[in-house]
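A short worksheet on the structure shown next.
The values are calculated or read from the model by the stated rules, or taken from the named source; none is laboratory data. This is a predicted model, so every value here is computed, not measured. Methodologically, a virtual Cβ is constructed for each residue, glycine included, from the backbone with ideal geometry; neighbour enumeration extends over all protein chains shown.
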Amino acid sequence: MKRILILLFSLFVLTGCSDYRELTDMAIASSIGLDIKDGNYNVIVHVLDAKKTGEKDVSPNIKIYESSGKTLHEALRKIVLESPQKLYVGHLNSFVISESFAKEGISKIFDFILRDSEVEKSFNLMVTKNNINEIMNINNSDSNVPLQDISKSIDLSTNIEGSTSSITFDRFIESVMKIGIDPVLPVILIKDEDDKKTISLDEQNAIFKDDKLVSYLNKDNTFIYNLLNNNLSSSVFSFKCDKNDYGSIEILDYSSNYYYDFDLNKIITEVDIVSGLSELNCNMNIENNKIMDEIEKKIKNELSENINNFFNEIKKSESDILGIEQYIYRNNYLFYEKNKNNISELLSNSEIDLNLNITIEQIGSLKKGNEKID
């Protein structure tokens, strides 16, 4: 009994947090923008500014600080010259990198972030073609913390629309450090409508070779990238059902797989899609099985063309965002050792062997496309 009392006493008296700090002592960074200016790291930081009205907390606004230094750490530390609190990056939500910095190589920021145990590693990483100062100084009128909302939009767009590729810093590093796979990052831009500037997602996504930005994927290619990597939870694919009009299917379930044929230098790609017809703006009788076969064929042809266009694009960029080299490395190391110095040339000359199956299982309550009511 005496031992139990001593143990309980020790829990209350001796335990604690050695690095405990009051929230009021910290400037909590939610987002960081980074560029190179005059040979120095130029950082712009969004700091959460939670204010109270009476006894009720209101949604936080942001304060914006800018600083520069020879290293990222020095630039961030200099923020204290403007802020009355020490910068805290343990709750970092997003990190925006300028296009010019990304082209030079993002690995320059790895060292500081990986060494500092206080820095959150699962923040969203994104690229912008706009001036970093301009994009970091935009505050959407409908959002107090605009870049946090953009991060949520990126996740939704990746899973539902397939037009964006969501990736966190830790996953980006994993791709760069692994043999034979390159990362893709989302791109944000300034949207100017009715003299009102807001931050929005770009339809393009940034392709990297190792840690350097080399090219961009358009919206269709990003959809294929997410499709082949099984990143979609639900998505819509539109197709031309006649000369001027379109229809849509909703992807209900699907599976994708791709691998490398060592003997034939082919990338074997297999995609099986189960879908529902969600919209049809053409006058077609979908009760007719032949018409349904024709619709499935139209979708298959259009999607096949998009998949082939995607492979042609990544061949031109010489970036292996699908990780074909990694597949070779894991499954045939002797082949990899023999060809590792000319893998890029090997893959750029490879053929694509596509096996695509599309089934429409649901057609809705209308029996005809563009059905008229008497």
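Laid out as a table, the results:
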read-out: Test set (1) within 15 Å of D170 (Cβ to Cβ); (2) at pLDDT 80 or above - E120 fails condition number; value: (2)
read-out: Selected residue [touching a His at 6+ places or on another chain (Cβ under 7 Å) and at pLDDT below 90] from L147, L201; value: L147
read-out: Helices (runs of 4 or more DSSP H) wholly inside region 244-340 that include at least 1 residues being of a type in the set (S, T, N, Q) and closer than 19 Å to N229 by Cβ; value: 289-317, 324-331
read-out: Meets criteria (over 26 Å from S107 (Cα atoms) and among the small types (G, A, S)) for S248; value: yes
read-out: Any pair with Cβ under 6 angstrom, 6 or more apart, that starts in region 213-236 at a residue that is closer than 18 Å to M126 by Cα and free of Cβ contacts under 8 Å to residues at least 60 places away in the same chain and ends at one that is of a type outside the set (V, I, T) and part of a loop (DSSP other than H, G, I, E, B); value: K219/S163
read-out: Index of the failed condition, L264 passing every other in (1) surrounded by fewer than 16 Cβ atoms within 10 Å (Cβ to Cβ); (2) hydrophobic (A, V, I, L, M, F, W, C); (3) free of Cβ contacts under 8 Å to residues at least 60 places away in the same chain; value: (3)
read-out: Residue list for region 249-266, restricted to those being at pLDDT 95 or above and within 15 Å of K300 (Cβ to Cβ); value: S256
read-out: All positions within region 102-113 that are in contact with a Lys or Arg (Cβ under 8 Å, 6 or more places away or on another chain) and on the phi < 0 side of the Ramachandran plot; value: A102, K103, E104, I106, I113
